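The values are calculated or read from the model by the stated rules, or taken from the named source; none is laboratory data. No experiment lies behind these values; they were computed from the predicted model shown. For neighbour counting, all protein chains shown are included, and Cβ atoms are generated from backbone atoms with ideal geometry for every residue, glycine included. What goes into the accessible areas is simple: the full protein's heavy atoms, side chains included, and nothing from ligands, DNA or RNA. Shrake-Rupley method; radii C 1.70, N 1.55, O 1.52, S 1.80 Å.
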Amino acid sequence: RDGSSRFGPANRFGNFGSIGAAWIFTKEAWLKNFNALSFGKLRASWAQVGNASSVGSYSTLISYLADRTHINSNGQVVPLGRLNSPNNLPNADLIPYTSAETEFGIDVRFLNNRVGIDFTYYSQRTTNDILNAGISNASGFSSTTVNLGQIRNKGIEFLLSVTPYKSRNLTWYM
(Lines give C-alpha, C1' and ligand atoms only; values in the text may rest on other atoms or scores of the structure.)
Protein backbone atom coordinates (compact mmCIF):
# COMPACT_ATOMS: atom_id res chain seq x y z
CA ARG A 1 0.00 0.00 0.00
CA ASP A 2 1.35 3.39 -0.92
CA GLY A 3 0.08 6.93 -0.50
CA SER A 4 0.71 10.46 -1.66
CA SER A 5 -0.72 13.74 -0.46
CA ARG A 6 -0.44 15.08 -4.02
CA PHE A 7 -3.87 13.57 -4.84
CA GLY A 8 -7.36 14.35 -3.62
CA PRO A 9 -8.62 12.79 -0.35
CA ALA A 10 -10.44 9.95 -2.16
CA ASN A 11 -7.39 8.95 -4.23
CA ARG A 12 -4.42 9.30 -1.88
CA PHE A 13 -3.78 5.58 -1.35
CA GLY A 14 -3.39 2.60 -3.65
CA ASN A 15 -2.44 -1.07 -3.38
CA PHE A 16 0.51 -2.22 -5.47
CA GLY A 17 1.85 -5.74 -5.26
CA SER A 18 4.58 -7.98 -6.56
CA ILE A 19 5.51 -11.64 -6.73
CA GLY A 20 8.54 -13.49 -7.99
CA ALA A 21 9.84 -17.04 -8.16
CA ALA A 22 13.03 -18.73 -9.26
CA TRP A 23 14.16 -22.32 -9.67
CA ILE A 24 17.84 -23.22 -9.64
CA PHE A 25 17.55 -26.36 -11.72
CA THR A 26 21.25 -27.24 -11.49
CA LYS A 27 20.63 -28.27 -7.85
CA GLU A 28 18.38 -31.09 -9.04
CA ALA A 29 19.77 -34.61 -8.71
CA TRP A 30 19.17 -35.44 -12.38
CA LEU A 31 21.68 -32.72 -13.43
CA LYS A 32 24.46 -33.41 -10.92
CA ASN A 33 26.54 -35.41 -13.42
CA PHE A 34 26.27 -32.84 -16.24
CA ASN A 35 29.59 -31.06 -15.58
CA ALA A 36 29.53 -28.66 -18.54
CA LEU A 37 26.62 -26.78 -16.94
CA SER A 38 27.88 -24.90 -13.85
CA PHE A 39 24.67 -23.05 -12.98
CA GLY A 40 21.13 -22.76 -14.28
CA LYS A 41 18.15 -20.77 -13.07
CA LEU A 42 14.65 -20.08 -14.40
CA ARG A 43 12.92 -17.00 -13.04
CA ALA A 44 9.61 -15.19 -13.33
CA SER A 45 8.21 -12.09 -11.66
CA TRP A 46 5.32 -9.65 -11.75
CA ALA A 47 5.24 -6.24 -10.07
CA GLN A 48 2.99 -3.22 -10.02
CA VAL A 49 3.91 0.30 -8.90
CA GLY A 50 2.07 3.59 -8.69
CA ASN A 51 3.72 6.88 -9.48
CA ALA A 52 2.91 10.40 -8.39
CA SER A 53 6.04 12.17 -9.66
CA SER A 54 4.29 13.94 -12.55
CA VAL A 55 1.84 15.68 -10.20
CA GLY A 56 3.13 18.70 -8.32
CA SER A 57 2.37 19.35 -4.67
CA TYR A 58 -1.07 20.95 -4.26
CA SER A 59 -1.70 20.87 -8.02
CA THR A 60 -5.01 19.02 -7.53
CA LEU A 61 -6.30 21.95 -5.43
CA ILE A 62 -7.17 25.51 -6.32
CA SER A 63 -4.64 27.57 -4.42
CA TYR A 64 -4.02 31.27 -4.15
CA LEU A 65 -0.94 33.37 -3.62
CA ALA A 66 -0.88 36.65 -1.76
CA ASP A 67 2.39 37.78 -3.28
CA ARG A 68 1.39 41.11 -4.78
CA THR A 69 0.53 44.34 -3.02
CA HIS A 70 -1.49 47.40 -3.86
CA ILE A 71 -1.55 50.82 -2.23
CA ASN A 72 -5.16 51.82 -1.63
CA SER A 73 -6.60 55.37 -1.57
CA ASN A 74 -5.72 55.69 2.14
CA GLY A 75 -2.04 54.96 1.40
CA GLN A 76 -2.18 51.52 3.03
CA VAL A 77 -0.39 48.55 1.48
CA VAL A 78 -2.96 45.83 0.79
CA PRO A 79 -2.05 42.26 -0.26
CA LEU A 80 -3.54 41.07 -3.53
CA GLY A 81 -4.33 37.44 -4.17
CA ARG A 82 -4.10 35.50 -7.42
CA LEU A 83 -4.47 31.92 -8.57
CA ASN A 84 -1.32 29.90 -8.03
CA SER A 85 -1.73 28.17 -11.41
CA PRO A 86 -4.00 30.49 -13.41
CA ASN A 87 -4.15 28.47 -16.64
CA ASN A 88 -4.63 24.92 -15.32
CA LEU A 89 -7.91 23.73 -13.79
CA PRO A 90 -7.01 21.45 -10.85
CA ASN A 91 -8.44 17.90 -10.95
CA ALA A 92 -9.11 16.36 -7.51
CA ASP A 93 -10.08 13.06 -9.20
CA LEU A 94 -6.54 12.28 -10.43
CA ILE A 95 -5.10 8.92 -9.43
CA PRO A 96 -1.47 7.76 -9.62
CA TYR A 97 -0.52 6.17 -12.91
CA THR A 98 0.19 2.47 -12.61
CA SER A 99 2.94 0.43 -14.24
CA ALA A 100 2.75 -3.36 -14.19
CA GLU A 101 5.61 -5.50 -15.50
CA THR A 102 5.91 -9.21 -16.15
CA GLU A 103 9.33 -10.75 -16.65
CA PHE A 104 10.58 -14.25 -17.53
CA GLY A 105 14.20 -15.24 -17.76
CA ILE A 106 16.84 -17.93 -17.77
CA ASP A 107 20.42 -17.68 -16.51
CA VAL A 108 22.93 -20.38 -17.40
CA ARG A 109 26.69 -20.69 -16.83
CA PHE A 110 28.95 -23.20 -18.54
CA LEU A 111 32.51 -24.49 -18.25
CA ASN A 112 33.08 -23.75 -14.58
CA ASN A 113 31.33 -20.36 -14.87
CA ARG A 114 33.58 -19.21 -17.73
CA VAL A 115 30.69 -18.64 -20.18
CA GLY A 116 27.32 -17.24 -19.16
CA ILE A 117 24.05 -16.51 -20.93
CA ASP A 118 21.25 -14.41 -19.45
CA PHE A 119 18.05 -14.13 -21.48
CA THR A 120 15.04 -12.08 -20.32
CA TYR A 121 11.64 -11.30 -21.84
CA TYR A 122 9.70 -8.39 -20.33
CA SER A 123 6.35 -6.72 -20.89
CA GLN A 124 5.43 -3.48 -19.14
CA ARG A 125 2.06 -1.73 -19.33
CA THR A 126 1.46 1.75 -17.93
CA THR A 127 -2.15 2.86 -17.45
CA ASN A 128 -3.81 6.08 -16.30
CA ASP A 129 -0.80 8.13 -17.32
CA ILE A 130 -1.17 11.73 -16.22
CA LEU A 131 -1.39 14.23 -19.07
CA ASN A 132 -2.41 17.85 -19.59
CA ALA A 133 -5.49 18.23 -21.81
CA GLY A 134 -6.71 21.42 -23.43
CA ILE A 135 -10.16 22.65 -22.41
CA SER A 136 -12.41 25.49 -23.53
CA ASN A 137 -11.18 28.94 -22.51
CA ALA A 138 -14.79 29.71 -21.58
CA SER A 139 -14.08 27.81 -18.35
CA GLY A 140 -11.55 30.45 -17.37
CA PHE A 141 -8.72 27.94 -17.78
CA SER A 142 -6.88 26.64 -20.82
CA SER A 143 -6.02 23.11 -19.60
CA THR A 144 -6.64 20.49 -16.95
CA THR A 145 -4.69 17.44 -15.83
CA VAL A 146 -6.31 14.05 -16.52
CA ASN A 147 -5.61 10.30 -16.41
CA LEU A 148 -5.59 9.39 -20.11
CA GLY A 149 -2.34 7.87 -21.26
CA GLN A 150 -1.49 4.24 -21.84
CA ILE A 151 1.94 2.89 -22.80
CA ARG A 152 3.17 -0.65 -23.53
CA ASN A 153 6.83 -1.67 -23.62
CA LYS A 154 7.91 -5.16 -24.59
CA GLY A 155 11.31 -6.54 -25.28
CA ILE A 156 14.07 -8.99 -24.77
CA GLU A 157 17.44 -8.63 -23.13
CA PHE A 158 20.36 -10.89 -23.91
CA LEU A 159 23.68 -10.91 -22.09
CA LEU A 160 26.66 -13.05 -23.01
CA SER A 161 29.51 -13.03 -20.50
CA VAL A 162 32.89 -14.67 -20.94
CA THR A 163 35.89 -15.07 -18.66
CA PRO A 164 38.76 -15.85 -21.06
CA TYR A 165 41.48 -15.70 -18.40
CA LYS A 166 41.37 -16.43 -14.69
CA SER A 167 44.29 -16.79 -12.30
CA ARG A 168 44.88 -16.20 -8.62
CA ASN A 169 45.90 -12.54 -9.20
CA LEU A 170 43.95 -11.58 -12.32
CA THR A 171 40.51 -12.26 -13.79
CA TRP A 172 39.48 -10.93 -17.19
CA TYR A 173 35.70 -10.56 -17.67
CA MET A 174 34.04 -9.75 -20.98
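Which residue, Ala66, Ala133, Ala100, has the most motion in a Gaussian network model of the chain that connects Cα atoms within less than 10 Å?
Checking each option, the largest mean-square fluctuation is seen for Ala66.
Given R₀ = 45 Å, FRET efficiency for Ser123-Asn74 by Cβ-Cβ distance, to 0.05?
0.10
Can you give me the % of accessible surface on region 1-122 that is carbon or sulfur? Probe 1.4 Å, all protein chains present, nothing else counted.
Here carbon and sulfur together make up 55 percent of the probe-accessible area.
How much accessible area per residue does the chain have, in Å², with a 1.4 Å probe? Show your work: numbers first, answer last.
Numbers: 12020 Å² over 174 residues.
Here the residues of the chain average 69 Å² of exposed surface.
Name the residue, out of Thr163, Thr98, Thr60, whose mean-square fluctuation peaks in a Gaussian network model built on the chain with Cα pairs under 10 Å.
Of Thr163, Thr98, Thr60, the Gaussian network model singles out Thr163 as fluctuating most.
Relative contact order for region 21-174: what is it in percent, counting Cα pairs under 8 Å that are at least 6 residues apart?
Taking the mean separation of contacting Cα pairs over the length of region 21-174, I get 21 percent.
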